[in-house]
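Single-structure report; data block below.
The values are calculated or read from the model by the stated rules, or taken from the named source; none is laboratory data. Just so it is clear, the structure is predicted and the values come from calculations on it, not from any experiment. Here Cβ is always computed from backbone atoms with ideal geometry, including for glycine, and neighbour counts include all displayed protein chains. Just the protein is used for accessible areas: all its heavy atoms, side chains included, with ligands, DNA and RNA removed. Shrake-Rupley method; radii C 1.70, N 1.55, O 1.52, S 1.80 Å.
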Amino acid sequence: MKSSMLTGRAIGTVLIVVALVATLAALVMPSKWFEGNRATALARAGWQDDGRGTWKSKYGPLTPMDRDFIRKVRSAGLWEGPAGRSAQERGTTESVRIAGDHLVDGHEELDKRAIACSRAMNVSLPNQPTGSQRKYLNDMDTSSGKDFDKIFVAHTRKQHGVVFGLVGLVRDQTRNSMVRSLATRANTIVLDHITVLEDTGLVKFEELNDVK
């Protein structure tokens with residue numbers, strides 16, 4: 001009986017020691033060991049850290065997430081504006097042409113707002129579509145008729161869904177009044193774009209999670 005009790009206490013002691021060692025190890029491990037997990041978390045949140053910390057501005061603190069959001073608004077317009085113009089000219093249905101109208105008008109406004117933010121707070125902006133964005137445009141350029149309609153809707157609806165989550169995150173967390181204004185307007189415009197794209201009847205909802 002006593003032997004059994006001693007064995008139980010010994011096991012309990014070992015478990016406590018193991019827990020203490022694990023806790024101490026977590027405290028003294030270099031933070032760089034967790035950078036991979038942090039990068040993964042940021043990517044899942046839809047933004048990238050430029051590593052330059054938080055800046056002061058007259059509109060409030062400007063965080064890495066704020067800056068990345070401004071850049072992503074600009075980047076979206078660099079390909080979605082041209083995509084919208086293609087839909088205006090080449091869409092085979094009225095609903096696709098209407099979606100094109102909305103993309104052109106919406107991104108013209110957001111582009112101006114993003115540029116205003118960049119100038120006011122010295123944030124660098126992209127001036128060319130990314131490799132993926134160029135591929136989306138090329139897919140549209142090399143298609144025609146009904147195939148064009150489907151490809152236009154597939155690419156633009158997927159990417160609007162991706163950015164919509166970031167818009168909400170920034171609108172909720174930013175402490176910068178100029179970024180908050182951009183996010184508020186982007187929320188309205190992106191939701192409008194999602195709606196008109198879905199109104200085409202060409203969205204394949206089962207494929208929306210397969211973002212490339």
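Just the number, please: Stokes-Einstein D of segment 84-212 in µm²/s, Kirkwood Rh from C-alpha pairs, 37 °C, 0.692 mPa s. Walk me through the numbers on the way to the answer.
Details: Rh = 15.5 Å.
For the chosen part, D equals 211 µm²/s.
If you build the Cα gyration tensor of segment 126-185 and take the root of 5 times each eigenvalue, what three semi-axes come out, in whole angstrom, biggest first? The partial results should precede the final answer.
Working: eigenvalues 187, 34, 14 Å².
Result for segment 126-185: semi-axes of 31, 13, 8 Å.
Carbon and sulfur atoms: what percent of the 1.4 Å accessible area of segment 45-165 do they account for?
Working: 2830 of 5830 Å².
Accessible surface attributable to carbon and sulfur in segment 45-165 totals 48 percent.
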How long is segment 75-128 along each principal axis, judged by its Cα atoms, biggest number first, in Å? 42, 18, 11
Seen from all sides and averaged, what is the projected area of the convex hull of the Cα atoms in segment 45-144, in nm²? 7.3 nm²
Sorted by packing (mean other beta-carbon atoms within 10 Å per residue), highest first, where do 182-188, 79-85, 138-144 land? 79-85, 182-188, 138-144
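Which peptide among 89-96, 67-74 comes first, and what is the full order, when sorted by highest mean count of other Cβ atoms within 10 Å?
Details: 89-96: 16.0, 67-74: 24.1.
Packing proxy ranking, top to bottom: 67-74, 89-96.
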Segment 164-212 accessible area per residue, 1.4 Å probe, protein heavy atoms, integer Å², reads 56 Å²
Put a dot 7 Å past each Cα toward the Cβ at Arg175 and Phe205; how far apart are the dots in nm? 4.0 nm
With R₀ set to 25 angstrom, the calculated FRET efficiency between the beta-carbons of Ser124 and Arg85, to the nearest 0.05, is 0.45
